[in-house]
There are 4 protein chains.
Amino acid sequence: MEFITLKYVTKKPKLKNPIFIEGLPGIGNVGKLAVEHLIDSIKATKFIELYSKDFPPQVFINPNGTVTLVNNEFYYWKAKKRNQRDLILLTGDYQALSSNGQYELAEKILDIAEEFNANEIFTLGGYGLGHEVKEPKVLCATTDGSLVKKMKKYGAIFRKNEPGGGIVGASGLLLGLGKLRGFKGTCFMGETSGYLVDPKSAKAVLNVLKKITNVEINLAALEKKAKEIEYIANQLREMEGVPKEKSEELKYIG
Amino acid sequence: MEFITLKYVTKKPKLKNPIFIEGLPGIGNVGKLAVEHLIDSIKATKFIELYSKDFPPQVFINPNGTVTLVNNEFYYWKAKKRNQRDLILLTGDYQALSSNGQYELAEKILDIAEEFNANEIFTLGGYGLGHEVKEPKVLCATTDGSLVKKMKKYGAIFRKNEPGGGIVGASGLLLGLGKLRGFKGTCFMGETSGYLVDPKSAKAVLNVLKKITNVEINLAALEKKAKEIEYIANQLREMEGVPKEKSEELKYIG
Amino acid sequence: MEFITLKYVTKKPKLKNPIFIEGLPGIGNVGKLAVEHLIDSIKATKFIELYSKDFPPQVFINPNGTVTLVNNEFYYWKAKKRNQRDLILLTGDYQALSSNGQYELAEKILDIAEEFNANEIFTLGGYGLGHEVKEPKVLCATTDGSLVKKMKKYGAIFRKNEPGGGIVGASGLLLGLGKLRGFKGTCFMGETSGYLVDPKSAKAVLNVLKKITNVEINLAALEKKAKEIEYIANQLREMEGVPKEKSEELKYIG
Amino acid sequence: MEFITLKYVTKKPKLKNPIFIEGLPGIGNVGKLAVEHLIDSIKATKFIELYSKDFPPQVFINPNGTVTLVNNEFYYWKAKKRNQRDLILLTGDYQALSSNGQYELAEKILDIAEEFNANEIFTLGGYGLGHEVKEPKVLCATTDGSLVKKMKKYGAIFRKNEPGGGIVGASGLLLGLGKLRGFKGTCFMGETSGYLVDPKSAKAVLNVLKKITNVEINLAALEKKAKEIEYIANQLREMEGVPKEKSEELKYIG
């Protein structure tokens, strides 16, 4: 096995001018939740499994007792209507562990995007605010100044100097390295407390993405998850003895 | 010396359709205890020493004052009866330190298994429960769904979603990477508190393995070790001032 | 992308016997502040962007919403007067994360210095004292014994055994590796508390560098920043309830 | 610069059947103190500087204000009398930072030993006991069983199962890797508290080495240093308010 290994699990699909969308684990798991939900909703097809020696040495156990080596996965979806475009979707169990591995992985992902002529990239993540968010907004950052104006039309916002620390990990790197290669890219960051997985924030991100891709996304499952998390958050607040309406800060969970 | 170096210490043995069994250090040292005990019991022959730059830079000192560089070791054993099969057994001082090293090592181990046509792999480890276990069960996870049913016949059990964190380290990786190469593999995980080395859990694992390999394993030495550890655990509990029958949690030792 | 990638953003400039000056992030950000201020003041031209897989996987967000991959940047400036020399200036977002990366990066930087025949190197940094400094002095260390005497004339000082821990990072390595290649080099270290970014210390360093390069440097911006930091330091002291004139130690901030 | 770079600072010496002696930084700095003292005492000549990207990115500042990149250094000494043998001596600022780097460095050091036909290796270090030692003994471990007996004649001792953790770092690795290459090697470990640099322990080690090499070693400087350290240790004990004769444990210092 190379440092990164690609395994095609279907025949290489023929895609026409696809949009590339990444959602890997990160703050509030916003990006991963959004892309996984999108994959389920549109019934996208897995075509590549990506393995790397810079992922943890770990297998997960499936419901039937079999193991699966941790990986990243590429899905594709073919446009059904005139106003839609083909999609490539990326999600996975982990981001690379080391800085060098992060760069290697982002380069490999861009190679695949290039191979399928996906010159427009969207990366999805969370923007951790450290306090509860009633109505999460979706911030954006882009490779081109002109894209900022365009994304505002779809409901994303832009606040100068936010996030102050920039964007760390695959969502940032795919844009940064992509820009050097001539890709057009946008990162959508759903506001989130950052303390719990945040389906509400993922939903906000998908609401923007829906307008760009013109695909129908059934948000019911995400809304259900969001309610479950809200319930857990309330339980935690009560355990802390903090009245529900006053609590602004939650304890970190994962 | 390469990143990984193999040193044959006997002539390359001729093995017929051998079973490969791994037991390296890990939770409760269950896997290592089990394989070491098996090696002693059946008088297996060491044939490969494996050295790696991803092991700690360390030598151990033998009883006669000589040093030995930390390593992993392969043993073989030839079937004596019709219902037995040749065995390759792997144990060692350490697992690789880095994630990358873990992958490299697992690949090299699979190379050796392939070279000797050992297409069936068993990896042994502990499943840390965080509390004392009176009668440790042996969980299993496999490369193939059909194997789960088979292993249940030998006394292993399977509980959905356990272990929740999957399997980390060589025991997981050999199965995960092995599956990609077409190996059939099973991981046996003996329940253990995870606080002390656990010969009782190792014994439970060997009781399952005995039925698969049809070798006779003298468990007396493991039982003696188990009693010693039980004595130490009781001492620790008393030092903590916790009455024996009430204590559920032990302090972490090693 | 290689481990280190150079991207020329202008035509390769023709420089005559240039002086090379490095100021990357470090203690009190003294070196980075000094070189950035020098670049602004003399309107130097960026000609190389340097990217490395040993920088964090991160982009920063520009005021217009576009992203920039973290990097180091080389600027040049052509002498305007007889008593001046061409300059190459290096600053950046980060130093390399790993020890190996630090060496790789320093070697690459020296390659560039060699390519442009810059055989005289100045590296700028802070010398953290752990207490407030009213009038920061500028210490020096050099590749040649004769240079120490020369630098004293320009206002730098030399105290035996200081800094006791030597010089860590790019400022030290460029001199250490440079010396092995035959470069002449000097490190200027502005005294600083090390608790806050320190424009006052950067100003002290530039006051020495001014005499060496014979360039005019408008220090107004640095002086303004110095006042802002002093204000913040006073606020912090008051928050701690420590009367202004008695406080010697500040809390660490960044 | 390669991962490891050798720089000959004299012509390659012609040595006859030399003994190789290593003393790098470690517990109580026993090995480094011993070899440095030996080098000074017999006026050995530096002939190789070894640089590595796995050393910290750091320069030290010499008394005259010049910098020196951190390194390891090889010295040689030619036998003056019939009962003496040529010596190669190794000391340095640091050991390699990473596990992989430790292996790489040990292999390179063995290459040099081989090149000069030094097939007998002595590695020097400390054996940290965690309490004060009035009369430090010198333990040994070897590549060959026959060597243990020989070393006892020179005043070294051997205690079964000590050190229980084996030998970590260059002193262990040179023996472990050396053994695989056919070197004869012995590690001498001076007992030490491990809390402070320990010239008394280094002296004990040199007293054994003196009998093996038949060189005269003036121990006055080490004895003076030992008194200084004893004074500091007493000061520390008093600061802790512990009466001198009762204190067994010192606080960790360096």
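The values are calculated or read from the model by the stated rules, or taken from the named source; none is laboratory data. Everything numeric in this text was worked out from a predicted model, so none of it was measured. Every residue, glycine among them, receives a Cβ derived from its backbone with ideal geometry; neighbour counts consider all protein chains shown. Just so you know, the surface numbers come from the protein's heavy atoms only, side chains and all, with ligands and any DNA or RNA stripped out. Shrake-Rupley method; radii C 1.70, N 1.55, O 1.52, S 1.80 Å.
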- Using only the Cα atoms of chain A, each taken as one equal point scatterer with no solvent, compute I(q) by the Debye sum, divide by I(0), and report log10 of the ratio at q = 0.08 Å⁻¹. -0.31
- Message: Which entries of D:46/D:108; B:16/B:134; B:108/B:225 have Cα-Cα distances beyond 27 Å here?
- Response: B:16/B:134; B:108/B:225
- Task: Mind scanning B:14/B:200; C:7/C:179; B:53/B:152; D:43/D:227; A:184/A:210 and naming the pairs with a C-alpha gap bigger than 29 Å?
- Result: B:14/B:200; B:53/B:152
- Message: Less than 18 Å apart at the alpha-carbon level, and either on another chain or at least 8 residues along: which aspartates and glutamates does that give for residue D:160?
- Response: D:144, D:191
- Pull up the cross-link candidates among the aspartates and glutamates for residue C:224, meaning alpha carbon to alpha carbon under 17 Å and not fewer than 8 places away within one chain. C:36, C:40, C:135, C:198
- Query: What's the FRET efficiency of residue A:1 with residue C:111 using the Cβ-Cβ distance as r and R₀ = 45 Å, to the nearest 0.05?
  - Reply: 0.85
- Note on the structure: For region A:65-166, the percent of all C-alpha pairs falling in each 10 Å bin, from 0 up to the bin holding the max distance, is 10, 32, 38, 18, 2, 0
- Item | Inter-label distance, nm, simple model (7 Å from Cα along the C-beta direction), residue C:83/residue D:160 | 8.2
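Keeping every protein chain in place, order C:138, B:168 by accessible area at 1.4 Å, biggest value first, i.e. largest first.
Working: C:138 5, B:168 100 Å².
Heavy-atom accessible area, descending, gives B:168, C:138.
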- Query: In whole Hz, what ³J(HN,Hα) sequence does region C:172-184 give by Karplus (6.51, -1.76, 1.60; θ = phi - 60°), x for Gly and Pro?
  - Reply: x, 5, 4, 6, x, 6, x, 4, 5, 9, x, 6, 9
- Message: Averaged across D:165-178, how many Cβ atoms of other chains sit within 10 Å of each residue's Cβ atom?
- Response: 5
- Message: Could you check the spin-label model distance between residue C:218 and residue D:8? Points 7 Å from the Cα along Cα→Cβ, value in nm.
- Response: 5.8
- Please give the per residue volume of the convex hull enclosing the alpha carbon atoms of the protein assembly as shown, rounded to a whole number of Å³. 220
- Query: Over the heavy atoms of residue A:1, what accessible area does a 1.4 Å probe trace out, to the nearest 10 Å²?
  - Reply: 60
- Item | Nearest residue to the symmetry axis between C and B, taken on chain C by its Cβ, in whole Å | C:98, 6
- If you take the alpha carbon radius of gyration of region C:147-248 and divide it by 2.2 N^0.38 Å, what ratio comes out, to two decimals? 1.32
- Query: Taking amide H positions as placed 1.01 Å from N in the peptide plane, with prolines and chain starts having none, which residues 5 or more places from residue B:62, or on another chain, fall under 5 Å of its amide H?
  - Reply: B:67, B:68
- Item | Label geometry 7 Å along the beta-carbon vector: residue A:223 inter-copy distances in nm | 6.4, 6.4, 9.0
- Item | ³J(HN,Hα), Karplus 6.51/-1.76/1.60, whole Hz, each residue of region B:130-143, x for Gly, Pro | x, 8, 4, 10, 6, 10, x, 8, 10, 7, 9, 9, 9, 7
- Message: 7 Å along Cα→Cβ for the label point: how many nanometres lie between residue B:5 and each equivalent label in the other copies, listed shortest first?
- Response: 2.6, 2.6, 3.7
- Relative contact order of region D:69-181, defined on C-alpha pairs under 8 angstrom at six or more residues apart (%): 24
- region B:1-151: spread of alpha-carbon positions along the three principal axes, whole Å, largest first, is 45, 42, 33
- May I ask you to report, in nm to one decimal and beginning with the shortest, the distances from residue A:164 to the same position in the other copies, taking label points 7 Å along Cα-to-Cβ? 3.5, 3.5, 5.0
- Query: Rounded to the nearest whole Å², what accessible area per residue is found for chain A with the 1.4 Å probe?
  - Reply: 45
- Query: Tell me, what HN-Hα J-couplings in whole Hz come from the Karplus equation 6.51 cos²θ - 1.76 cosθ + 1.60 at θ = phi - 60° for each residue of region C:73-85, using x for Gly and Pro?
  - Reply: 9, 9, 10, 10, 8, 9, 4, 9, 10, 4, 8, 10, 10
- Assuming R0 = 60 Å, what is the FRET efficiency of residue C:238 and residue C:17, from their Cβ-Cβ distance, to the nearest 0.05? 0.70
